[in-house]
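The structure appears below as structure tokens.
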């Protein structure tokens, strides 16, 4: 039977591109990792790595084995966690990720409540965008991720994953103070076809949603500023550099700008989910889901 620690080493060689990188993840020396990988090759009777003085790469047999490694290791990790957590959440760990606006608005309070109730469970958290978090949940690197998708866009690849809806938030139009209407009635994006727009740097997620929403309103946005974060988006709008779509959770109060509800196109929303592996029944994850729901309820209240 294959040793899961050696499987994990091979998987990490594929992920990092070096034996030294895999060794660092495993917490051992490169020499020890190389020895374990050589043992794995002997056990299988075939070469898994092509080594040279400066690099290492997987053979075809190595690539096939790595394709099977993630589900095998995820299943083993799930079994270990289940055993540890049967005793009433007095041990084990749970690995969580969330994108920035979800983390600051409700995920951190949920994690705080979970840690207070179950101090014996070790918590690991990472701030990750949805496109980074989904494959890590699938591979078993994460137990739960708070993720999102936008109504105008197609759904991401959810094979092997289960999503629980947490919150559907409307998109708002952030505008400089001078463009605010007294009534703040729902507006049509088409009315801002000639405006300058502030947008994200990437061509996926929020930025793609912005461009598709504008196209649905009949125009191509005139993007004059591209930034990394909602904090910068709002700062640039407040400074008068343009308008921008923002989800409700990101619409914080700031001097010099305001928010308008959007009437057309209809249904511009961001859906927030708790994403887990299909079939996973970790008690820690179930209790954390409860904490996330409670935190959202308190925020809404």
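Quick note: the coordinates plus some simple rules give every number you see, no bench work behind them. Note that the structure is a prediction, hence the values are computed from the model and not measured. Every residue, glycine among them, receives a Cβ derived from its backbone with ideal geometry; neighbour counts consider all protein chains shown.
Observations
- Shape of segment 169-269, Cα gyration tensor, a/c cut at 1.5: rounded
- Of all DSSP bridge pairs formed entirely within the chain, close to 60 percent run antiparallel.
- Helix 60-85 vs. the chain, principal-axis angle (Cα, 0 to 90°, nearest 10): 80
- Rounded to 5, the percent of DSSP beta bridges in segment 169-269 classed as antiparallel: 55
- Listed values (1) 1.16; (2) 1.28; (3) 1.22, entry calculated as Cα Rg over 2.2 N^0.38 Å: (3)
- Estimated [θ] at 222 nm from DSSP helical runs (n ≥ 4, -39500 (n - 2.57)) normalised by residues in the chain, nearest 500: -12500 deg cm²/dmol
- For segment 1-125: rounded, prolate or oblate by the Cα gyration tensor [a/c cutoff 1.5]: prolate
- Segment 169-269, relative contact order [Cα under 8 Å, separation at least 6], %: 51
- Spin-label model distance (nm) - residue 299 vs residue 29, 7 Å beyond Cα toward Cβ: 4.8
- Listed by Cβ neighbour count within 10 Å, with the fewest neighbours leading, 130, 188 appear as 188, 130.
- Gap separating the Cα centres of segment 1-58 and segment 117-176, nearest whole Å: 31
- Nitroxide proxy distance, nm - points 7 Å out along Cα→Cβ at residue 60 and residue 116: 5.9
- Angle in degrees between helix 30-44 and the longest Cα principal axis of the chain, rounded to the nearest 10: 70
- Figure legend: label point modelled 7 angstrom from the Cα of residue 219 along Cα→Cβ; no residues of segment 152-182 have amide N under 13 Å from it.
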